[in-house]
Amino acid sequence: MTGIQREGMTSRQWLPLLGLTCCAFVFNTSEFIPIGLLTDIARSFSLTEAQAGMMITVCAWGVMILSLPPTVFASRFEFKRLLLGVVALFSVGQFLSAITPTFLILICARLFIACAHAIFWSVAAIMASRPVEPKLGALAISMIAAGSSIAQVLGPPLGRAIGLAMGWRMTFAVVGVFSAAAAV
């Protein structure tokens, strides 16, 4: 066996799992951070908080509606390339969110992210279990679940802290940078 052994896995097996765990953290962080940024986003576009909150509703509906068609289309691709493409689409959506000149374009950028989100979660568990032996599949999947769970607790406060320190746009830019880094 090559690499460092941990829990019966090599470093070659751990690295993709850590990358997927980071992606799970970033994807779920992205889903929750707009909540803490609504006041700032509303102010930027001269909207009420309720109007800005529609972005969250539209994106949630987007994830639901966009789950099936893109996932069926994406099933034609090899998983590794698919995952890299999804993370790239997600990153582009984050960067578009950071530079958007209008609220409508922000919603469109968030729909890009919703599409990537839907596809990512349809293949994340499968991708996590592929590089390991079947007996370690549960451990691999639990790492994805851990990244997602940690994002729900730490993601919104981190996003809000970045938003307070550097503006809401920088929060999306930072998520874009981290998602691009996770793809690497």
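The values are calculated or read from the model by the stated rules, or taken from the named source; none is laboratory data. Since the structure is predicted, the reported quantities are computational estimates derived from the model, not experimental observations. Neighbour counts are summed over all protein chains in view; Cβ atoms, including those assigned to glycine, are modelled from backbone coordinates with ideal geometry. With ligands, DNA and RNA removed, areas are computed over all heavy atoms of the protein, side chains included. Shrake-Rupley method; radii C 1.70, N 1.55, O 1.52, S 1.80 Å.
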Checklist outcome for this item: Residue by residue through the range 175-184, the couplings from Karplus 6.51 cos²θ - 1.76 cosθ + 1.60 with θ = phi - 60°, in Hz, x for Gly and Pro, are 4, x, 5, 5, 5, 5, 5, 5, 5, 5
Checklist outcome for this item: In the chain, taking the dipole from +1 charges on Lys and Arg beta carbons and -1 charges on Asp and Glu beta carbons about the Cα centre, the listed residue (111, 94, 22) farthest towards the positive end is 22
Checklist entry - Percent of accessible area on the chain owned by carbon and sulfur, 1.4 Å probe? => result 72
Item to check | Segment residue 57-residue 80, extension gain: residue separation times 0.36 nm, minus the distance between their alpha carbons | outcome: 5.2 nm
Next on the checklist: What's the ranking of 60-70, 94-104 by average number of surrounding C-beta atoms within 10 Å, highest first?
Outcome noted: 94-104, 60-70
Checklist outcome for this item: Options (1) 15.4, 45; (2) 14.7, 43; (3) 17.1, 60 are given for Rg and Dmax of the Cα atoms in Å, and the computed one is (3)
Checklist entry - Which order do 160, 130 take when ranked by solvent-accessible area (1.4 Å probe, heavy atoms of all protein chains), largest first? => result 130, 160
Checklist entry - In the range 105-128, which residues have a backbone nitrogen under 18 Å from the label point lying 7 Å from residue 99's Cα in the Cα-to-Cβ direction? => result 105-113
Checklist entry - How much accessible surface area, in Å² rounded to 10, belongs to the heavy atoms of residue 14 with a 1.4 Å probe? => result 40
Checklist entry - When the Cα centres of the range 116-152 and the range 40-109 are compared, how far apart do they sit, in Å? => result 21
Checklist entry - At a probe size of 1.4 Å, how large is the accessible area of residue 32, to the nearest 10 Å²? => result 60
Item to check | Per residue value of the accessible surface for the chain (all protein chains in place, 1.4 Å probe), Å² | outcome: 52
Checklist entry - Taking +1 at the Cβ of each Lys and Arg and -1 at the Cβ of each Asp and Glu, which of 128, 178, 11 sits farthest along the dipole of the chain towards its positive end, judged by Cα position relative to the Cα centre? => result 11
Item to check | Computed label-point distance, nm, for sites residue 88 and residue 135 using a 7 Å Cα→Cβ extension | outcome: 3.9
